[in-house]
Every structure is written in structure tokens, then in C-alpha cells.
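A.B. asks: Can you read through this structure? Questions will come right after.
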Amino acid sequence: LAKPGVTTDDIDTAVHEALLEAGAYPSPLNYVGFPKSLCSSVNEVICHGIPDTRPLEFGDIVSFDVSCFINGVHGDNCATIIVGDEQDVDEIGVDWRGVPYLNRYSSPEEEAMLRAGRRLVHATRESVYEAIDRIGPGACLTDVGAAIHDVADSYGYSTVEKYRGHGIGEIFHCPPFVKHYRNNDKLELLPGMIFTIEPMLVEGSGDCYEWHDQWTVATVDGGMAAQFEHTVLITED
């Protein structure tokens, strides 16, 4: 859906309708006054972006955070894509969706922009899977933040510290709250625990601020941001 010229409002409408058709309800809609059914965070926006009528542009880095309530519980996930960075034939590799990367550029600047965006998206996705790989029954909650911070450091990115993962289930947001940076929050992970891991990596400083809409969170220095999220259940094995 995320193509040049399409608005995040259009995508919000499509997601809203798809969730209802599946018998689910979009968890963000009217949550503490949030006005839409998903969060769409573009370029320097880190998280909680409100879908609007601005047409997406080629090269935009967009995170879509989709949550729903179905069968009595909430689920929460997020992923990031680069608008227009695709072609029909795989010539240089594919993105996390299996979509071939664009291999023809209008200028060296365009190529550099896309390559920088791909690197950020790849690192952020790598960080969430590194965190998942390090946890299990008997592990510590601090392993999540350490894993994400290790990946961010290896790429030279910052990990946003202000916003965190959270417990989830019948309640949308509840303990434990999951830091995506090195910390000393000692909590043994036990079977049955359910929480989100949702790292936000940025090109420059991890400092951020909230727009006047009281939702949209952006980088202070204008650096690009990406986010990936999974809901994780700790099992016996």
C-alpha cells in the first residue's frame, strides 16, 4: 500500500477495514484520545505518528505500527519500509519482505539516500531479532536492552531511551516495561510472560521531542528513524 502519492490516511483506512473484516478492533483508535487506527511514523518521526493527508514521497522511511484487539486480547507489531525502493526483478538483493531493491538511481545523491535508509532499516530489524534470540525462560529482562544496544553500537546508531516495550494481553499496556538500551532492571523471565520488544534506532542523537498534537515523537536533530516490533510469549522451552 505504501507507494509514492498514497497518503497515510489512505493506509489507515485500509488497515481499519481489514481489521474489522477479520473480526478485530484497532487497539489505537480512541486509546487515550488517539484519533486513528494505526501509527504511521515518517522519516525523522520515531513513533506515534498520526496518519494524515500528506502524500508519501519516494525515499520516505515509514514505520507502521499496527495493533488490534481480538478474542479478548491485544496484539502489537511494527515494521519499517522505504517508499518506492523496489523493482520487479532481484538484481542486488531484497528487503525483509522479499521485495527486490531498486538498482537504478536518478543521481548519486538518490543512491546514497536509499542505501542509508536500507542500512538503518536492516539494523533495526536485526536488533529486535537479536533481542528475541537472547531471551527465554530463566533469562533476564536486561538481556533485551543489552542485545539491542549492542546492535545499535555496531552500526553507529543510537537507540531511543524514552519509549519502551510493554506487557500486553487483556490490557493494551502494562508491566513489564521493556527498555531498549543497557540497564539494570533485573527481572527473571518466566513462562507465560507476554510483552513487546520494539526498538527504535536513529541515525544521530536518541534525543526526541513531542509535537503539539501530543502524540507524534520526532528526533531533535532531524535524524532518520526506524522501528520494528514483535509481541513475545515466554514459553517453557
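A.B. asks: Counting just the residues of region 77-90 that are surrounded by 11 or more Cβ atoms within 10 Å (Cβ to Cβ) and not β-branched (V, I, T), which one comes out nearest to G156 (Cα to Cα)? Give the derivation first.
C.D. replies: Step one: filter region 77-90 for residues surrounded by 11 or more Cβ atoms within 10 Å (Cβ to Cβ), giving 77-87, 90.
Among the residues that remain, those that are also not β-branched (V, I, T) are: 77-79, 84-87, 90.
Working: N77: 25, C78: 22, A79: 21, G84: 25, D85: 23, E86: 26, Q87: 29, D90: 28 Å.
So, considering only residues that are surrounded by 11 or more Cβ atoms within 10 Å (Cβ to Cβ) and not β-branched (V, I, T), the one nearest to G156 (Cα to Cα) is A79.
A.B. asks: Only residues that are of a type outside the set (A, V, I, L, M, F, W, C), part of a loop (DSSP other than H, G, I, E, B) and either within 13 Å of A218 (Cα to Cα) or open to solvent by less than 10 Å² (accessible area, probe 1.4 Å) (or both): list them for region 35-52, please.
C.D. replies: Scanning region 35-52 gives S37, N43, E44, H48, G49, P51.
A.B. asks: Name the residue that is most open to solvent (accessible area, probe 1.4 Å), counting only residues in region 92-116 that are among the acidic types (D, E) and not in a loop (DSSP other than H, G, I, E, B). Lay out the reasoning, then the answer.
C.D. replies: Within region 92-116, the first condition is being among the acidic types (D, E), and the residues that meet it are 95, 109-111.
With the extra rule that they be not in a loop (DSSP other than H, G, I, E, B), the set shrinks to 109-111.
Values: E109: 130, E110: 35, E111: 60 Å².
Checked region 92-116; the qualifying residue most open to solvent (accessible area, probe 1.4 Å) is E109.
A.B. asks: If I ask for residues that are in contact (Cβ under 8 Å) with a residue 60 or more places away in the chain and surrounded by fewer than 19 Cβ atoms within 10 Å (Cβ to Cβ), which ones from region 167-213 would you list?
C.D. replies: Kept after step one, since they are in contact (Cβ under 8 Å) with a residue 60 or more places away in the chain, are these residues of region 167-213: 168-172, 196-203, 208, 213.
Correct list: G169, E170, I171, F172, D213.
A.B. asks: Further question: Pick from V66, V15, V32, V62: which is at positive phi, modelled with pLDDT of 95 or more and either of a type in the set (A, V, I, L, M) or assigned to a strand (DSSP E or B) (or both)?
C.D. replies: Values: V66 fails: at positive phi; V15 fails: at positive phi; V62 fails: at positive phi.
None of the other options fit; the residue is V32.
A.B. asks: Then there is this: Can you tell which of F172, F177 is aromatic (F, W, Y) and not in a loop (DSSP other than H, G, I, E, B)?
C.D. replies: Working: F172 fails: not in a loop (DSSP other than H, G, I, E, B).
Checking each option against the conditions leaves just F177.
The values are calculated or read from the model by the stated rules, or taken from the named source; none is laboratory data. Everything numeric here is computed off the predicted structure, so don't read it as measured data. Using ideal geometry, Cβ is built from the backbone for each residue, glycine included, and neighbour counts are taken over all protein chains shown. Quick note on the areas: whole protein, heavy atoms, side chains included, nothing else; ligands and nucleic acids left out. Shrake-Rupley method; radii C 1.70, N 1.55, O 1.52, S 1.80 Å.
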